Structures are given as C-alpha cells and as structure tokens.
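S.K.: One structure is given below, represented as structure tokens, and several questions about it will come after.
Just so it is clear, none of the values below were taken in a lab; they were calculated from the coordinates. Predicted model only: the values in this text are computed from it and were never measured. Note: ideal-geometry Cβ built from the backbone for every residue, glycine included; neighbour counts use all protein chains shown.
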Amino acid sequence: MTTAEPDQELSTDQEYDLWKSNVPLMYDFVSETKLIWPSLTIQWLPDKEANSAQQELIVGTHTSGEEQNYLKIATVDLPEEIFQSGSSNDRKIEDSSSAHGTLNGNADVDADGNGGGENSSKSVKSKIKITQKFEHREEVTRARYAPFDSNLIATINGSGTVFLYDRSQDKENALRGEFSFHKENGYGLNFSVASPGDLLSCSDDGTVALWDIRSAKRTPIKVDENHTDIVNEAKWHETNPDLFGSVSEDKTLLLHDKRSDNPIATLKQSEAFNTLAFSKHSANLFAAAGTDSLVYLYDLRKPSTPLHSISGHQDAVTSLDFASHKDGILCSAGSDRRVLVWDLFQIGAEQPQEDAADGVPELLMMHAGHKSAINDFSCNTKLPWLMASVEEDNTVQIWKPSSSLTDPYVPKDYDIHSLE
C-alpha cells in the first residue's frame, strides 16, 4: 500500500494506488478502459434486461479537430458474479483473464476487436467494445437518449448545434435531424420524461432552448433568455411536464414553467451554479451544486432557502443525478476527480467522533479511482448501484459498490472513510 509522511499530501498517482489496493473491499466490480479520444459524455442505455451480463453505453469523441468525431454505442460485458449476493470481502481484483474487474485496460475497441484511431492496427482486450459509431460534426459535448424511444439519441456540439440520431438505422441514414439556434458552445441537454419529445438545450450564449423533436419544425418552440451569462445546465422535472430548471455562471438557479416567459423562482448564490437534478422519487426535492464544492438540497414549495448543504467535495461540483432504484440516493461528481454517493436519509444521523472527522454521515461512498476531473457519470437504471464515469484523461470506469456498503442488512466491519 502506498504511504506518505504524516503531513505530506499524496500525489495523484499515490492516491490511485491507494484506491486500487482497496478495490476488493469497496467494490463488487470495477472495470477501467482507456479510450483513444476523450469523451465528454456517458450514459447507460436502458434496453438490456436487468439480469443481462451485457449492457450498453453512449459515449462520444472530442478529437480537437485532429480526426473525425463520432457518436458511439458501446457494449460492456459484466461478470455474472455481480448479480449474486454476498460480501465482496472475498472478491479479488481481476486481471485480464479473471472475472471481477479489469484495471488499466488499453483502449476502446470496435466490434472486430480493433481500436478506432491511431491504435487501429492493434487488437486489444477491453471490457468496452464499440458496436456502433456515427459521424458527428465537431465534438460531442453531451449525448442523451429519448426516454420514450431509446433508439433516438440527441447530441449537442461545441457550436451549440443539436443533432438527433436513430441508432436503429444504418450509419448513412441514422442522422434524423439538425436543430440550429445556439450561437456558442452547447453543453446542457435533457429530455423530458413526463412530456415525450420535449428536449432542453443550453449554451454559452446564455439561452435555454426548448425543442419538440417529434415536430417537423427545426426551430425551438420556446427560448428562455433570463440568464445573463453562460447556462451550464438545464433539466426537466421528473413528473411535471411544464417545470424545468437552469443554472448559470450568473450565479443563479432559475425555475421555469414552460408556459410562462418569466421564471417562477430565482435562487442566487455567491458563486456560480454548475449543475442541478430533480429527485425521481420525491416531487418536491431537487439538488444543485457549483464552484463552491457544496451540494445544496431544496424544496420546490419553498426554494428560496436550502434545506441542507452537503460538504465532501474538494473542488467544483460539475454533475448531479438522483438514483432511480432507491429513494434518497444522490450522486455527485466534480473537478476533484471524485464521484460521491450520498444517502440523504442519513442526514443528521449520529456518528462516533472519529467518523465525524472523516466525513458527514450521509456520505455512503467515495469513488476515488480517477486521475483527472470527471466529465460525466451515469447510474444504470436497470442494475441497482451500477455506475459509469468518464474523466478528462480518456478513461472510462464501470463500477458497482460492494454490497457490504449498499445493503443495509450486511454488517459493515470496516470504516469506509479509511478506504478512500
């Protein structure tokens, strides 16, 4: 195990080595794959059965203009053991031929086993295999599937143009539409679950555009211009088809009714908001976070004051999402190279003094396996606790926390904070 002097901070490589040494205790499964090009986006596709050992992911490329960019669909092979119950203390880190996890994979590979770029002449072993890829104009800054038809995938690029693909078609006919409005880099992209076809996009130009992808029109059905700076993200409420939120570099979070031109609520902070998420289980709960490293919880009925603020990140928080499989589970990721999993039902729980010094009681797990800032993460909607995260340094990690951490009926015989 990597060690350091008592008052000496660990380097990034030392932190990674420490994390790796604790993988058998912390995880049921970990797989790491080095992509050829960075992906700014990642999302599990929902089509596979919950007990399927093969799942699918959406990723993209960011080649900085050096090569053609692609929207990609990847398959991920999972070991059957992660579908079985039991403590992970008896599990081991997998080498390239064993079953529980692969660390330091080489590259993303096409269905024929070949890489998609400069390594295309080399056959590599990987848990991630690219099965489809579609040419994309400029980098894919975000890609999201349509909840009403997961064959439909929307993307947005560095110029703010939105594209719609149908992955059930061949690559020559997959591009279904191009939606042009934004004038600058686009980053936020979110489909409505409650109103099929409604899509939000946002941009550095300070606007939020609402599209109906079912319509033959290729212009927004509504544009919101209430922010005064870059809009970092916009998301729909999970059950209310008219309600959405947006966060901006102007240090505000706005709540909108799509039927109105003015925000229904404005939340201000001393630092910029980067991300927000609405609970999938509680109609009134939502979360937001930004450059001050805190995660804030709000009640829609009285959003002017946070219900609670959660500390744990050491740098800006850039992504938030509530898990769909269990009420009260919130995940966050950021520039500190961490994905944190929170159990909101543990807020205010009593802690031994030695535990309180290591973290708040609602911190369920810290995923500390990345070496650079997290670009995006995704919670699998069919397999509880299965996560995917992608970092700036091209690496995708697929991971499932140990059942010893996530199963309340399995006794915990070690301190999770000591294993970060």
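S.K.: Putting +1 on Lys and Arg Cβ atoms and -1 on Asp and Glu Cβ atoms, find which of Q353, V231, V339 reaches farthest to the positive end of the dipole of the range 209-364.
M.R.: With unit charges placed on the Cβ atoms, the residue in question is V231.
S.K.: When the dipole is taken about the Cα centre of the range 143-283, and only Lys, Arg (+1) and Asp, Glu (-1) are charged at their Cβ, what size is it in debye, to the nearest 20?
M.R.: Numbers: 15 positive and 21 negative charges, 74 e Å.
Charge dipole of the range 143-283: 360 debye, to the nearest 20.
S.K.: Amide H of I221 versus every other amide H placed in the peptide plane: which residues, excluding those fewer than 5 positions away on the same chain, fall under 5 Å?
M.R.: Close amide H contacts, sequence-distant or interchain: L210, W211, D212.
S.K.: Then there is this: Please report the base-10 log of the normalised intensity I(q)/I(0) for the range 209-249, using a Debye sum with one equal scatterer per alpha carbon and no solvent, at each q in 0.35 (1/Å).
M.R.: Treating every Cα as an identical point scatterer, log10 I(q)/I(0) equals -1.16.
S.K.: Residue-wise, which Karplus ³J(HN,Hα) couplings in Hz belong to the range 305-316, taking 6.51 cos²θ - 1.76 cosθ + 1.60, θ = phi - 60°, and x for glycine or proline?
M.R.: Each residue of the range 305-316 in turn: 10, x, 5, 6, 10, 10, 9, x, 6, 10, 8, 4 Hz.
S.K.: Which value, in debye to the nearest 20, describes the size of the charge dipole of the range 300-387 about its Cα centre when Lys and Arg Cβ atoms bear +1, Asp and Glu Cβ atoms bear -1, and nothing else is charged? Don't skip to the answer; put the middle values down first.
M.R.: Details: 7 positive and 11 negative charges, 83 e Å.
Result for the range 300-387 is approximately 400 debye, rounded to the nearest 20.
S.K.: Seen from all sides and averaged, what is the projected area of the convex hull of the Cα atoms in the range 210-294, in nm²?
M.R.: Values: hull surface 24.3 nm².
Quarter of the Cα hull surface area: 6.1 nm².
S.K.: For the range 28-39, take each phi angle, set θ = phi - 60°, evaluate the Karplus expression 6.51 cos²θ - 1.76 cosθ + 1.60, and give the result in whole Hz per residue in order, putting x for glycine and proline.
M.R.: Ordered by residue, 3J(HN,Hα) equals 7, 7, 9, 9, 10, 10, 8, 6, 6, 10, x, 10 Hz.
S.K.: Counting Lys and Arg as +1 and Asp and Glu as -1, each charge on the Cβ, what is the dipole of the range 213-360 about the Cα centre in debye, to the nearest 20? Numbers along the way, then the final one.
M.R.: Working: 15 positive and 22 negative charges, 179 e Å.
Taking the Cα centre of the range 213-360 as origin, the dipole is about 860 debye.
S.K.: Can you give the alpha-carbon Rg of the range 133-222 over 2.2 N^0.38 Å, where N counts its residues? Working shown, then result.
M.R.: Working: Rg = 12.0 Å, N = 90, 2.2 N^0.38 = 12.2 Å.
Against the empirical 2.2 N^0.38 Å value, I get 0.98 for the range 133-222.
S.K.: Once amide H atoms are built 1.01 Å from N in the peptide plane, which residues 5 or more positions from H237, or in another chain, come under 5 Å H to H?
M.R.: Residues meeting the amide H criterion: L243, F244, G245.
S.K.: Check the straight Cα-Cα distances from K129 and name the lysines below 22 Å, setting aside those fewer than 8 residues away within the same chain.
M.R.: K34, K48, K72, K171, K382, K400
S.K.: So what's the convex hull volume per residue for the Cα atoms of the range 8-70, in Å³?
M.R.: Once divided by residue count, the hull of the range 8-70 is 144 Å³.
S.K.: Short version: what are the Cα gyration tensor semi-axes of the range 310-395, square root of 5 times each eigenvalue, largest first, in whole Å? Intermediate values should be presented prior to the final figure.
M.R.: On the way: eigenvalues 97, 58, 18 Å².
For the range 310-395, the semi-axes come out at 22, 17, 9 Å.
S.K.: Quick check on the exposure proxy: order R167, R137 from fewest to most C-beta atoms within 10 angstrom.
M.R.: Numbers: R167 20, R137 15.
Starting with the residue having the fewest Cβ neighbours, the order is R137, R167.
S.K.: Hey, can you grab everything whose amide H is under 5 Å from the amide H of G60? Only 5+ residues off in sequence or another chain; H modelled, so Pro and N-termini drop out.
M.R.: Long-range HN contacts for G60: L40, T41, K72.
S.K.: For the range 144-155, just list the computed ³J(HN,Hα) in residue order, Karplus coefficients 6.51, -1.76 and 1.60, θ = phi - 60°, integers in Hz, with x standing in for Gly and Pro.
M.R.: Result, rounded to whole Hz: 9, 7, 7, x, 7, 7, 6, 6, 8, 10, 9, 9.
S.K.: Could you put E238, E178 in order, starting from the residue whose Cβ has the fewest other Cβ atoms within 10 Å? Don't skip to the end; give the middle numbers.
M.R.: Details: E238 19, E178 11.
Going from least to most buried by this count: E178, E238.
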